[in-house]
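Structure record follows, encoded as structure tokens.
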Amino acid sequence: MASSANLYALVGVVLFALGIYALILHAHLMRKILAINVMGSGVFLVLVALAVKGQGIPPDPIPHAMVITGIVVAISATALALALMLRLQLESGRDSLP
Amino acid sequence: MTDNHDTPGALRLPLVLLLSALTAWLGFTVLGLGPAPGDIVKLVGTNLDASGVSNPVTAVLLNFRGYDTLLEMAVLLLALIGVWSLGETPLRWEAAEGTVLMHLPRLLVPVLTMAAGYLLWNGAHAPGGAFQAGSVLGAAGVLLLLSSGDLAARIMGLPLRVLLVTGLGLFVIAGLGMLTGGNQFLEYPLPLAASMILIIEATATLSIAATLAALFLGGRPGG
């Protein structure tokens, strides 16, 4: 694995941990949804970085395909989570879980 | 925005310590990962000629691991059904205010549509494909929804619902159709593969774009 790819993979791991931090610390559902998205972006970054096989060698296409799949699933899951959050707020006036 | 019932400050330090340990462990693991078993990259490379496309990512998405993409289309549709089941869209669409939203869509929507077509066509041999094209087209749809207040009401009948399920429906029909020719589910024989993938991707692009734009409404559009 190339050294710059190592750096990207490590940044992905750090993003993942930052996401967990925000997910645990903040009660507001909007922040939790954003935190889960940051965690997901970290995982995608790790996958893309791991696909790099070195200078001049084409990258592994399977992690790339998985990331494309994952991004779309993450978008739709985020939309569903936001709709649930809006509904909760409409019904109970709360912006966080009890 | 009430943040007063967030985790108390005393818990933050242990959390930071725990997560630092997790980061170090995960980083160590990620850096220590060896090459993929069985040299899967070479496997894709040697079978690329049989896939009908020359872009390995598209070959993996639409041919070698077609199940993933098929089920992903189902996930998109399920998410939209989930959003719609929560009730009607909470937003009331009013006529766009301001000149930016009046004129920007007229400039951008044609460009975005063309970019989506380019990405879709390009996906066969270079980075691009149905999901990228669908996202760009979906963004054009969101822009249109933002700028024209009654668009949501006008197109949200049966046509939208047909558009939403066409991508998944055609994918399943194409996969099942292969069974009649003696192939496996979603196994495209070589002379057909390129055109099959293009047709599936084109309808998937439209469905993905419609789904993303409909998700943006945050609820079932009121007729």
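The values are calculated or read from the model by the stated rules, or taken from the named source; none is laboratory data. If you're wondering where the values come from, they're calculated on a predicted model, not measured in any experiment. Positions of Cβ are backbone-derived with ideal geometry, glycine not excepted, and every protein chain shown enters the neighbour counts.
Mind counting the residues in the stretch B:172-203 that are part of a loop (DSSP other than H, G, I, E, B) and in contact (Cβ under 8 Å) with a residue 40 or more places away in the chain? Number satisfying all stated conditions: 2. Selection of the stretch A:50-88 for residues being modelled with pLDDT of 90 or more, more than 24 Å from B:TYR67 (Cα to Cα) and within 9 Å of chain B (Cβ to nearest Cβ) yields A:LEU82, A:ALA83, A:LEU84.
In the stretch A:25-39, the residues that are under 13 Å from A:ALA77 (Cβ atoms) form Cβ pairs under 7 Å with partners that are of a type outside the set (A, V, I, L, M, F, W, C), at six or more places apart or across chains, as follows: A:LYS32/A:HIS26; A:ILE33/A:THR78; A:ILE36/A:GLY19; A:ASN37/A:THR78; A:MET39/A:GLY19.
Can you spot a residue in the stretch A:78-91 that is hydroxyl-bearing (Ser, Thr, Tyr), in contact (Cβ under 8 Å) with a residue 12 or more places away in the chain, crowded, with 17+ Cβ neighbours inside 10 Å and farther than 20 Å from B:SER135 by Cα? Looking for residues that are hydroxyl-bearing (Ser, Thr, Tyr), in contact (Cβ under 8 Å) with a residue 12 or more places away in the chain, crowded, with 17+ Cβ neighbours inside 10 Å and farther than 20 Å from B:SER135 by Cα, one finds none in the stretch A:78-91, hence no. Here B:ALA133 fulfils each of the conditions (1) surrounded by fewer than 17 Cβ atoms within 10 Å (Cβ to Cβ); (2) modelled with pLDDT of 90 or more; (3) over 22 Å from B:GLY82 (Cα atoms) apart from (1). If the condition is being at pLDDT below 85 and surrounded by 15 or more Cβ atoms within 10 Å (Cβ to Cβ), then the stretch B:152-174 contributes B:ALA152, B:ILE155, B:MET156.
Condition test on A:LEU23, is it farther than 30 Å from A:LEU86 by Cβ, more than 7 Å from chain B (Cβ to nearest Cβ) and either surrounded by 18 or more Cβ atoms within 10 Å (Cβ to Cβ) or out of contact with any strand residue (DSSP E or B) (no Cβ under 9 Å at 6 or more places or on another chain) (or both)?
Values: farther than 30 Å from A:LEU86 by Cβ: no; more than 7 Å from chain B (Cβ to nearest Cβ): yes; either surrounded by 18 or more Cβ atoms within 10 Å (Cβ to Cβ) or out of contact with any strand residue (DSSP E or B) (no Cβ under 9 Å at 6 or more places or on another chain) (or both): yes.
Here the answer is no, as A:LEU23 does not meet what is asked.
Within the stretch B:17-71, if we keep just the residues that are in contact (Cβ under 8 Å) with a residue 40 or more places away in the chain and aliphatic (A, V, I, L, M), the residue that is surrounded by the fewest Cβ atoms within 10 Å (Cβ to Cβ) turns out to be B:ALA50.
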